[in-house]
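The values are calculated or read from the model by the stated rules, or taken from the named source; none is laboratory data. Everything numeric in this text was worked out from a predicted model, so none of it was measured. Neighbour counts run over all protein chains shown; Cβ positions are idealised from the backbone, glycine included. Surface accessibility is based on the protein's heavy atoms, side chains included, excluding ligands, DNA and RNA. Shrake-Rupley method; radii C 1.70, N 1.55, O 1.52, S 1.80 Å.
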Amino acid sequence: MGELGPQAEDLHRQLGYDIARQPIDCVWAVGPMSSLAARTVQEKSEHPVKISCYPNTDSACVGVEADIKEGDLILIKGSRAAGLEQIVTQLTNNQQPATNNQ
């Protein structure tokens, strides 16, 4: 979404509105445009949503892992320019391997 040009703010607000209509518990936002979407979620959601905003991917990598618990379903959405694949790599590398009791 980093390549949206002049429509970026409106589209991020719309994304926040769409997210607010879903039964979610937490939003992690990385960067200023994503923070705009997160603020919209906070304003429009009819239920409590924990919002965490990070200025960049490095700071998000430190913060998000503390919020995750076993069984959580996580959707990571962002432009390639944001480098959010770093978060995916960190989270998948830190998972405990499944045991195979055969």
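Where only protein heavy atoms count, and the probe is 1.4 Å, what is the accessible area per residue for the chain in Å²?
Per residue, the chain has 72 Å² of solvent-accessible surface.
Show me the trypsin sites (Lys or Arg not before Pro) within segment 1-44 that DSSP assigns to loop and that have at most 15 other Cβ atoms within 10 Å of their Cβ.
Those that pass, being in a loop and sparsely packed, are 21.
Simple spin-label model, 7 Å along Cα-to-Cβ: residue 59 to residue 21 in nm?
Here the answer is 3.1 nm between the modelled labels.
Could you please state how large a percent of the accessible area of the chain is carbon and sulfur, counting protein chains only and using a 1.4 Å probe?
Accessible surface attributable to carbon and sulfur in the chain totals 51 percent.
Can you tell which of 84, 75, 36 shows the greatest fluctuation in a Gaussian network model of the chain with Cα springs below 10 Å?
Between 84, 75, 36, it is 75 that shows the largest mean-square fluctuation.
Hey, can you grab everything whose amide H is under 5 Å from the amide H of residue 29? Only 5+ residues off in sequence or another chain; H modelled, so Pro and N-termini drop out.
Hits under the 5 Å cutoff: 52, 53, 54.
Ignoring solvent entirely, what values of log10 I(q)/I(0) come out of the Debye formula for the chain at 0.12, 0.24 Å⁻¹ when each Cα is a single scatterer?
One equal scatterer on each Cα of the chain leads to -0.43, -1.38.
Got a sec to turn the phi values of segment 85-93 into Karplus ³J(HN,Hα) couplings, 6.51 cos²θ - 1.76 cosθ + 1.60 with θ = phi - 60°, whole Hz, x for Gly and Pro?
Rounded to whole hertz, the list is 4, 4, 5, 4, 4, 4, 5, 6, 6.
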